Amino acid sequence: MESKTSLCWIEVSVAVDAEAAEAVSALFEQYGEGGAVIEEIPLRPGLVDEAELRDAPPPEGGILIRRVAKAFLPADDRARLEALQQALWHLSQLRPLPEPQIRELGPADWAEAWKSGYQVLKLGQRLRIVPSWIAYAPEPGEVIITLDPGMAFGTGLHPTTQLCLQALEELLVRGMRVLDVGTGSGILSIAAAKLGAAEVLAVDIEAIAVRTARENVTLNGVDSTVRVEQGSVDDADRGRYDLVLANILAEINARLAPHLAQHTAADGWLVASGILDVREPLVERAFGLAGLEIVRRWQQEDWLALGARHIGQ
């Protein structure tokens, strides 16, 4: 059988703002291999046209960011590409979207498509995300996560991943058992292991994500702590964990709320992210019905991470 890395791929990309990112990501999750990817690329001063300034005004005191949603499809699956294009057209009738950009990547090109715009990210007090192709000399006390994202969500560039990493740094106590739902590249599981978790189970429904996460776990030398499996929290009894991470979309967090609650220890934490602030009531209602109460809240731009515990804890 031909391997995935030997195939040609179609890259579909759409420039999005924070509000459109969730809707476009949901479509890319449905049609793309490896789910949706959001790249946030700092724009260099003097090289930004007026259209990008209108579409993506810089945050106060911040750097102008160009946000692009991407999906990857096998080049020989034209029916799926046409279905995705049709779905994007229907979405554009509800909210303005630019024309999707489509390009074909050869067998040796798809991995290179991930490298543009990546840099060393300094998150929180100690965490540093270092792309595998960049040389970096860490400062004393820094926790280094070497990452080769491959075709999986979770590069550290997106606010939802950064919020989860911030929550991890604040909540994780050495010796905790951690469950990472929708692990993507494995970034959160690796961070948990390096911050002192005793055991980490990372799960994802996408085979590409599972393979990518396993490669990154090995790259970071945390194989003895992190186990990566294909699946989710609603297809197996995986036990209870001191800290459950769910960096997925708001609707999926809401749908999986009973299962996330079931796998969170009685005195444990659930950190749910991938949530736009306008979707918070949806998640809060679902968590309440599942016996969870939101007691912590982290926010970056329009994105939230919510810290929940069992009611009464």
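At a glance:
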| read-out | value |
| --- | --- |
| Distant-in-sequence amide H partners of VAL228 (H built 1.01 Å from N, under 5 Å) | ALA202 |
| Residue-span extension gain [ARG227 to CYS8] - 0.36 nm each, minus C-alpha spacing | 75.8 nm |
| Phi to ³J(HN,Hα) by Karplus 6.51 cos²θ - 1.76 cosθ + 1.60 over the range 101-106, Hz, x for Gly, Pro | 9, 10, 9, 9, 10, x |
| Cα-centred dipole magnitude for the range 168-313, charges only on beta-carbon of K, R (+1) and D, E (-1), debye, nearest 20 | 280 debye |
| Environment charge at ALA286 (Cβ cut-off 14 Å; Lys +1, Arg +1, Asp -1, Glu -1) | -2 |
| Full-extension gain in nm, GLN85 to ARG297, via 0.36 nm per residue minus C-alpha separation | 72.7 nm |
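Every number here is computed from the coordinates shown, using simple stated rules; none is lab data. Please read these numbers as outputs of a predicted model, since none were measured by experiment. Please note: Cβ atoms are built from the backbone with ideal geometry, for glycine as well, and neighbour counts cover all protein chains shown.
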